[in-house]
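Heads up, the thing below is written out as structure tokens.
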Amino acid sequence: MDAITSPTRVLETGLDHDLARLARRYCELIETRATKRGVWLARIAELLPRLHAGVSSLVTAKPPPGDRPEPVDLDARFELFSQLRDLLADCDPYWLEFDSVADGMTAMTGSLADDLTDIYCELKQGLALFELDPDRAVKAWALGYRQHWGQHLVDAERHLAMLQSQSRLDL
């Protein structure tokens, strides 16, 4: 079966390797957490739309039942989240579309640190799997994107665009 008619393979254009390259770059940026926050944050803002385009162009079928990625180490996830939240400081929290101060909301409910952490955890798991089985990794990324981290990606892109429009990426 060729790649166009097979729903279980990515299109034969190297998209799986391009996505893996973008995922590696994203994970490297998160892991280095450069001391120059503005430069680091601007690089994240530039990379997320490319990552979004890459994962959105995948054509995959649902993985078979029981084909789930390994659970995330919650302690390590919380440690990363805490470090990112501290690094981002006042650039971290944001209002979600449905939040309203008039409805009694007193705190912002979106967190860029949470978004970046969840994206990182999903991509990092997929990269480990990619070395062993690229098809399975791509399926896991696509499923995770549809079920979870896609919303974090959209929220992060929207918040970073807002920060950029306010000239707050280069702090």
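Please work out how much accessible surface E28 shows to a 1.4 Å probe, ignoring ligands, DNA and RNA, in Å² rounded to 10.
Spelled out: E28, probe radius 1.4 Å, area about 90 Å².
Simple spin-label model, 7 Å along Cα-to-Cβ: L132 to D18 in nm?
Inter-label distance under the simple model: 2.8 nm.
Report ³J(HN,Hα) in whole Hz for each residue of the range 125-142, in order, from the Karplus equation J = 6.51 cos²θ - 1.76 cosθ + 1.60 where θ = phi - 60°; Gly and Pro get x.
Couplings: 4, x, 5, 4, 6, 4, 5, 8, 8, x, 4, 5, 5, 5, 4, 5, 4, 5 Hz.
What number comes out for accessible area per residue over the range 112-171 if the probe is 1.4 Å? Units Å², please. Let's see the in-between values first.
Details: 2650 Å² over 60 residues.
Heavy-atom accessible area per residue stands at 44 Å².
The values are calculated or read from the model by the stated rules, or taken from the named source; none is laboratory data. Note that the coordinates shown come from a computational prediction; the quantities given were computed from them, not determined experimentally. Note that we place each Cβ from the backbone using ideal geometry, even for glycine, and neighbour counts take in every protein chain shown. To get the accessible areas, we keep the full protein, side chains included, count just its heavy atoms, and leave off ligands, DNA and RNA. Shrake-Rupley method; radii C 1.70, N 1.55, O 1.52, S 1.80 Å.
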